[in-house]
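Everything on this sheet refers to the single structure shown next.
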Protein chains: 2
Amino acid sequence: MAKKGKRTLQDYPRPSVAVDTAVLTVLPPERTGRGDDRGELAVLQVRRTGGHKRGEWSLLGTFLHEGELLAGSVARSLREKAGLGDDVVPRQLRVFDAVERDTRGRVLSVAHKVWVPHARLAPVVEAADGGLRLVPVGEVGPMPFDHPEIVAEAVAQGRAEYAKRADPGRLLPGSFTLHELWVVHDAVAGHFDSTEDAFRLRAVRLLEPSPEPPRKLDVGRPAKLYRRR
Amino acid sequence: MAKKGKRTLQDYPRPSVAVDTAVLTVLPPERTGRGDDRGELAVLQVRRTGGHKRGEWSLLGTFLHEGELLAGSVARSLREKAGLGDDVVPRQLRVFDAVERDTRGRVLSVAHKVWVPHARLAPVVEAADGGLRLVPVGEVGPMPFDHPEIVAEAVAQGRAEYAKRADPGRLLPGSFTLHELWVVHDAVAGHFDSTEDAFRLRAVRLLEPSPEPPRKLDVGRPAKLYRRR
DNA sequence: TAAATAGTGTCTCTGAGACACTATTCA
DNA sequence: TGAATAGTGTCTCAGAGACACTATTTA
């Protein structure tokens with residue numbers, strides 16, 4: 001290192017910066033394989049192709065490019081590796097900085113989390129021919145680096161968001177029924193939130209009624225539509 | 001960049017990594033210069049010495065060193081620039097990544113926040129001969145880079161912590177009176193929390209009584225001592 | 001006894017959960 | 001009319017704030 005008073009940026013180590021993203025969604029009840037009418041919080045995994053790691057599943061990740069913002073890096077990885085549009089709002093979790101987290105050298109990972117509706121993920125996963133999969137957050141299996149920790153923190157942050165607001169991840173379309181909203185919140189909370197009954201009363205205060213007419217279902221009383229406030 | 005399948009860490013840009021820390025404390029009532037009996041949330045500033053920036057005040061900062069953890073970097077800057085011990089618990093805020101935030105080149109800043117009791121900070125500031133100062137978080141004045149944003153986020157995170165738990169920053173010693181606890185919480189909240197009366201009831205549930213005898217004051221009924229649970 | 005501070009009891013309000021009840025539709 | 005789903009009314013309970021009241025000490 002240079003003498004005091006003459007130091008420049010070049011005198012300090014410059015680590016590589018990875019950007020790893022937990023893409024979260026809620027599997028609709030008919031896609032959980034559980035046979036009940038509850039959704040399931042799931043995360044997107046990518047099959048690794050390089051060398052001896054072939055076959056392992058990891059989170060979506062990339063390295064920060066020249067002149068790129070972190071949010072831009074997340075958007076690029078979603079675009080390049082999952083063919084998703086740029087209309088996503090990545091949220092930063094934190095930096096994972098264990099010195100030995102990557103055997104190739106010092107790599108800091110800035111972990112992110114992003115919500116994507118299942119309707120947009122499903123065709124992408126289908127088209128990826130085994131290169132992508134959606135798994136319930138409790139069944140992610142072994143993952144490289146500190147990716148299991150990243151999933152855990154993403155889930156924790158996601159649950160905290162959904163406990164405070166109505167569908168902050170915009171997993172539902174512009175208008176929706178209270179039942180649809182409950183399925184999403186119940187899935188995010190891991191089925192420990194409360195009954196659907198108690199949820200309705202709480203949720204209505206966070207919503208505004210949609211001007212659309214009630215939606216007819218197969219049977220039963222048609223359901224009023226609401227919007228996020 | 002190398003061809004696909006042959007990329008190495010060296011193919012990606014490696015930014016410098018700064019570690020900027022908002023050191024937060026509560027000025028005791030007699031140090032606020034306000035004449036009332038309320039404390040004040042304050043942040044530590046460092047006088048810059050280099051070149052044309054001389055005289056500006058900034059947050060405590062350093063660059064990440066070889067093989068160093070972020071928390072270690074925070075601890076080192078506290079030790080080297082403020083003579084503080086290693087018994088602090090830095091909490092990461094987030095990465096500030098604006099491309100032009102430092103004119104010398106691409107520098108990511110991993111912002112941190114740390115609580116330090118005023119009793120430990122006061123002698124250090126005194127001994128620094130004008131190189132350090134403690135200012136109320138509302139009066140930080142101009143600061144370089146994105147340091148004002150970092151202060152704002154540190155304050156927001158700090159307030160959220162104190163809203164949930166009793167003195168999570170351990171600004172008070174092992175045992176303390178409810179009044180002392182209220183002064184700290186009131187200062188952190190910016191005097192908008194609630195009355196001291198309402199605070200007491202809420203706080204007691206988060207505390208356990210200390211076995212020590214009540215502390216005698218100058219006048220009035222001696223105050224029971226409590227501990228963080 | 002007055003002043004000063006610490007601590008308690010009580011009232012009201014609000015929000016959440018439980019749960020029974022009503023409403024609307026289709027077969 | 002019965003099954004299925006949506007939605008409402010009511011009860012209870014817990015936490016928070018307001019505020020008056022009691023307790024303990026010094027001068």
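The values are calculated or read from the model by the stated rules, or taken from the named source; none is laboratory data. The structure presented is a predicted model; accordingly, all values stated were derived computationally and were not measured. All Cβ positions, glycine included, derive from the backbone under ideal geometry; neighbour counts span all protein chains shown.
Assorted remarks:
- Criterion (closer than 17 Å to residue A:20 by Cα, touching a residue at least 60 places away in the same chain (Cβ under 8 Å) and not in a loop (DSSP other than H, G, I, E, B)) met by exactly one of A:125, A:114, A:95, A:74: A:114
- Segment B:130-159 residues that are free of Cβ contacts under 8 Å to residues at least 40 places away in the same chain, paired with ones that are in a helix (DSSP H, G or I) and crowded, with 16+ Cβ neighbours inside 10 Å (beta carbon under 7 Å, 6 or more apart): B:159/B:188; B:159/B:189
- Residue selected from segment B:7-31 under the condition over 17 Å from the mean Cα position of the chain (by Cα) and more than 14 Å from chain A (Cβ to nearest Cβ), by the criterion nearest to residue B:189 (Cα to Cα): B:29
- Matching residues, segment B:208-229, being in contact (Cβ under 8 Å) with a residue 12 or more places away in the chain, near DNA strand C (Cβ under 10 Å from one of its atoms) and in a loop (DSSP other than H, G, I, E, B): B:224, B:225
- Restricting B:154, B:119, B:111, B:187 to residues that are within 15 Å of residue B:24 (Cβ to Cβ) and within 14 Å of chain A (Cβ to nearest Cβ) narrows the list to B:111.
- Among the candidates A:91, A:104, A:34, A:54, the residue that is at pLDDT 90 or above, surrounded by fewer than 17 Cβ atoms within 10 Å (Cβ to Cβ) and among the basic types (Lys, Arg) is uniquely A:104.
- Residue match in segment A:193-207 (condition: polar (S, T, N, Q), touching a Leu at 6+ places or on another chain (Cβ under 6 Å) and either within 14 Å of DNA strand D (Cβ to nearest atom) or in a strand (DSSP E or B) (or both)): no
- Segment A:37-51 - residue that is surrounded by fewer than 19 Cβ atoms within 10 Å (Cβ to Cβ) and either in a loop (DSSP other than H, G, I, E, B) or among the small types (Gly, Ala, Ser) (or both) and, of those, modelled with the lowest pLDDT: A:51
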